[in-house]
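Colleague: Pasting a structure here, questions to come.
The values are calculated or read from the model by the stated rules, or taken from the named source; none is laboratory data. As the structure is a computational prediction, the values presented were derived from the model and not from experiment. So basically every Cβ, Gly included, is an ideal-geometry build from the backbone, and we count neighbours across all protein chains shown.
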Amino acid sequence: MTAGVTIEPLAADEFSIVARWLSQPENHKWLSSEWRNPNINPSVVAMGTRNKKNRFYLARYEGQPCALVALADLDLADRIAMVWYVLGTKQAAGRGITSTAVRLLLDVAFDELQLESVHAWVMEDNIASRRVLEKAGFRLAGRLRGAGSHDGQQVDRIYFDKLRSERDE
């Protein structure tokens, strides 16, 4: 893991920075349609945090905010959730920061929330995001053909998952 990476529940005073990250075209083009908007504002982020099916965490590298990692579609009865993330500070790219933040999020998912399974998806042409999941120990789970829209084209969504029993692998 990359030293100096921490995560903490997203606080209201950080909504504006996260909204700015989510509004950047190089970020929102990879997200699900509900977040694929160039005009995300702090109110939208606030609504996302109030949804009981979400948990948003700010990732810091050496104390500086650099990424958002989140659990969505949280189902405590079935003990499952979806992981998603955005690297907001591009100067931090390529250092393993996002993968480390995702691993820290898995600790929250498996230890605090007692989840058994987490999953994530990437658009087939998002190689960097796929690498984040692989470095965090996710396994390829499958593909939904034509299930995402990217640059005016329908592309496949590639699904990954990780089970609590696989956390040390």
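Colleague: Inside region 99-148, can you point out the residues that are part of a strand (DSSP E or B) and either under 11 Å from the mean Cα position of the chain (by Cα) or closer than 20 Å to residue 61 by Cα (or both)?
Modeller: Hits for region 99-148 are 119, 120, 121, 122.
Colleague: Of these, 55, 60, 50, which one is in contact with a Cys (Cβ under 7 Å, 6 or more places away or on another chain) and among the charged types (D, E, K, R)?
Modeller: 60
Colleague: Just to check your reading of the model, which residue among 60, 20, 95 is farther than 22 Å from residue 135 by Cα and either without any contact (Cβ under 8 Å) to a residue 40 or more places away in the chain or of a type outside the set (Gly, Ala, Ser) (or both)?
Modeller: Result: 20 is the single residue among 60, 20, 95 that is farther than 22 Å from residue 135 by Cα and either without any contact (Cβ under 8 Å) to a residue 40 or more places away in the chain or of a type outside the set (Gly, Ala, Ser) (or both).
Colleague: Can you tell which of 128, 92, 120 is at pLDDT 95 or above and not hydroxyl-bearing (Ser, Thr, Tyr)?
Modeller: Among 128, 92, 120, only 120 is at pLDDT 95 or above and not hydroxyl-bearing (Ser, Thr, Tyr).
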